[in-house]
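Every read-out reported here was derived from the displayed coordinates using simple, explicitly stated rules and does not represent laboratory data. Remember, it's a predicted structure, so these values are computed and weren't measured experimentally. Glycine also receives a Cβ, built like all others from the backbone with ideal geometry; neighbour counts cover every protein chain displayed.
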Amino acid sequence: MLKINEIKTFYGKVGALWDVSLEIMAKEIVALVGANGAGKTTLLNTISGLTIPASGTMEFLGVRIDGIPPHRIVQLGISHVPEGGNPFPDMTVRENLEMGAFLIEHWREKRETFAQVYGMFPMLEKRAGQLASTLSGGERQMLAMGRGLMMRPKLCMFDEPSYGLAPVVVRELFASIKRLHAQGMTILIVEQNVLNALETSNKAYVLENGRVVLLGKSEELLKNEHVKKAYLGL
């Protein structure tokens, strides 16, 4: 579904990604893990077209996407849920969700999509008329995930969905991600919580200082000595 080949990305003269290659097959959950500053968010921004790579190629469903504008990437079917969710605070929950269906083809199908999102996150339906600014951190993250689903994506990318949330909320969010996968969604998840990410995903990439240093099946990486020592505290 997504093939990234030797991407390099810079902020000014400072390198952020170095020859990063990554592949995602349809209906996989792929985890991208690593410490703060490793380049994980930069890679998602590069896939979304928010950051332009200096070199390398990216293909989504056979279409080159490196260098094309973000709205075109959205039209192709890639949804990007940013860290912290970033809902529009002075808009209601329902209005925030509608913003995820801003393309005409998604707007026409919004009634059916609303039903699917509310089925996944019943809390959002209960708070449909409530301002996003009044939600808790976990509720804002659910809202952001729901907004990302309103565009009926082929690939959904989640950036640090568990950041700053209580453990019970984190478990609920990861359970939601598993349900999406069970329904056939292809998912790329960026996470500092390496244990949760590896337990949820099919395969994973470990990013350090802008480079992929490990990749493989998630169950195998859970047993890897470097991963255990550097990220799991074992």
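Could you list, in their original order, any pairs among K8/K223; K13/K217; K178/K203 whose Cα atoms are separated by more than 25 Å? Flagged as over cut-off: K8/K223; K13/K217. Taking the alpha-carbon centroid of each part, what is the distance from the stretch 54-111 to the stretch 146-176 in angstrom? About 15 Å separates the Cα centre of the stretch 54-111 from the one of the stretch 146-176. Other residues whose C-beta falls under 9 angstrom from the C-beta of V33 contribute a net charge of 0, scoring Lys and Arg +1 and Asp and Glu -1.
Looking at the chain, identify the longest residue range that excludes and avoids all trypsin sites (Lys or Arg not before Pro) in DSSP loops having at most 13 other Cβ atoms within 10 Å. For trypsin sites (Lys or Arg not before Pro) (loop position, at most 13 other Cβ atoms within 10 Å), the longest site-free span of the chain is 109-222.
Positive contributions from Lys and Arg (+1) and negative ones from Asp and Glu (-1), summed over other residues with Cβ under 15 Å from the Cβ of K223, come out at 0.
Taking 0.36 nm per residue of separation and subtracting the current Cα-Cα distance, fully stretching the chain between N224 and N36 would add 65.7 nm. For E95 and M25, a Förster radius of 35 Å and the Cβ-Cβ distance give a FRET efficiency of 0.50, rounded to the nearest 0.05. Computed extension gain for L76 through R64, at 0.36 nm per residue and net of the alpha carbon distance, reaches 3.2 nm. Ellipticity at 222 nm from helices only: DSSP H runs of n ≥ 4 in the chain, each -39500 (n - 2.57), divided by the residue count, give -10500 deg cm²/dmol.
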